[in-house]
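> Got a structure for you, questions after.
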Amino acid sequence: MSPNRALRRSKRDRIVAGVCGGLGDFFGIDPLWFRLLLVVALLPGGLPGLIPYAVLWVIVPVEK
């Protein structure tokens, strides 16, 4: 990970808002792992996964 790299929501690797695709690009791993983590976090009632996803959706800008 380079020091001048910024977290951005992905335009090309998105299913809903590009949050998982952007996290995958930022950390250099497959976005599938973030999507699986989101699904696991949604299982116990939704809020443990939905709130962080919604916050990231609002605060992380879309890539140019």
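> Out of region 3-61, which trypsin sites (Lys or Arg not before Pro) are coil in DSSP terms and have no more than 13 other C-beta atoms within 10 Å?
5, 11, 12
> Quick check for you: with a 1.4 Å probe and neighbouring chains kept, what is the accessible area per residue of the chain, in Å²?
Numbers: 4530 Å² over 64 residues.
Per residue, the chain has 71 Å² of solvent-accessible surface.
> To the nearest 20 debye, what is the magnitude of the charge dipole of the chain about its Cα centre, counting +1 on the Cβ of each Lys and Arg and -1 on the Cβ of each Asp and Glu?
220 debye
> Using modelled backbone amide H atoms (1.01 Å from N, in-plane), which distant-in-sequence or interchain residues come within less than 5 Å of residue 9's amide H?
Hits under the 5 Å cutoff: 62, 63.
> What does the accessible area of residue 23 come to, in Å² to the nearest 10, when a probe of 1.4 Å is used?
About 30 Å², rounded to the nearest 10.
> Please give the calculated 222 nm ellipticity per residue for the chain, where each DSSP H segment of at least 4 residues contributes -39500 (n - 2.57) and the sum is spread over every residue; nearest 500 deg cm²/dmol?
Roughly -16000 deg cm²/dmol at 222 nm, from the helical runs in the chain.
> Would you calculate the volume per residue, in Å³, of the smallest convex hull containing every Cα atom of the chain? It would help to have the intermediate numbers written out before the result.
On the way: hull volume 5.2 nm³, N = 64.
Dividing the Cα hull volume of the chain by its residue count gives 82 Å³.
> What is the angle, in °, between the Cα long axis of helix 47-59 and the longest principal axis of the Cα atoms in the chain? Nearest 10 is fine, range 0 to 90.
Once rounded, one gets 30 degrees.
> Still on this structure, I have one more. What's the carbon and sulfur percent of the chain's accessible surface, probe 1.4 angstrom, rounded to a whole number?
Working: 3150 of 4530 Å².
Answer for the chain: carbon and sulfur cover 70 percent of the accessible area.
The values are calculated or read from the model by the stated rules, or taken from the named source; none is laboratory data. The model shown is predicted, which means the values in this text are computed figures rather than measured ones. Cβ atoms come from the backbone with ideal geometry, glycine included; neighbour counts cover every protein chain shown. We work out accessible area using only protein heavy atoms, side chains counted, and drop any ligands, DNA or RNA first. Shrake-Rupley method; radii C 1.70, N 1.55, O 1.52, S 1.80 Å.
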